[in-house]
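This report refers to the structure that appears directly beneath it.
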Amino acid sequence: MGAIVLIAFVVVYGGGSSFHFGPSWDRENWPAQFQSNGERIYFTGTSSSGVRISAIGGGMHMQMHRGGCVTCHGADRQGSRLMPKFWKVVPPLTPAALFNMHDESSNNDGHGDHEEYDDTTLRRAITKGIDPSGEPLDREMPRWILAAQDIADLIEFLKSPVRNSRLPSH
């Protein structure tokens with residue numbers, strides 16, 4: 001009975017566009033080529049040197065799919081609802097969402113009411129799970145273990161505009 005309800009819910013709410021089922025769900029929107037080490041880490045969870053980025057914790061979804069940031073935040077970095085916990089909203093990782101001031105009353109992006117990130121606070125969020133206000137991030141967010149250059153590259157990528165992944169860049 002529960003499975004039928006879940007299937008009906010996904011069909012009614014258009015599961016593919018509203019939920020992230022795993023790292024290959026929207027793989028057709030991945031870049032044809034990665035332009036940087038940070039972009040490669042975001043999409044694959046592996047650095048350009050071939051080193052797999054390790055994580056501590058994270059939810060069942062992340063542990064099952066063992067991907068990079070794209071697993072939950074999507075190829076377009078917009079975040080969305082996460083399966084199977086469809087009631088959880090994964091926040092976007094766009095430059096506007098991370099580096100611009102926002103508050104809970106005007107923006108329901110899942111980031112909450114805190115100051116914008118900078119390099120230091122974003123590094124702390126990625127590795128320790130703490131937001132700019134000093135509050136813990138959701139337990140579903142893995143705490144990533146990255147080499148200094150890899151995290152610097154990932155932060156630079158997160159500062160960059162979201163590009164249409166399938167089109168070659170000039």
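Annotation: the residues Trp144, Trp87, Trp30, sorted from fewest to most other C-beta atoms within 10 Å of their own C-beta, follow the order Trp87, Trp30, Trp144.
A simple spin-label model places the labels of Ala32 and Ala96 2.8 nm from each other, with each point 7 Å out along Cα-to-Cβ.
We did not get these values from a lab; they are worked out from the coordinates using the rules stated. None of the values given here were measured: they were computed from a predicted structure. Cβ coordinates were reconstructed from backbone atoms using ideal geometry, including for glycine residues, and neighbour counts include every protein chain displayed.
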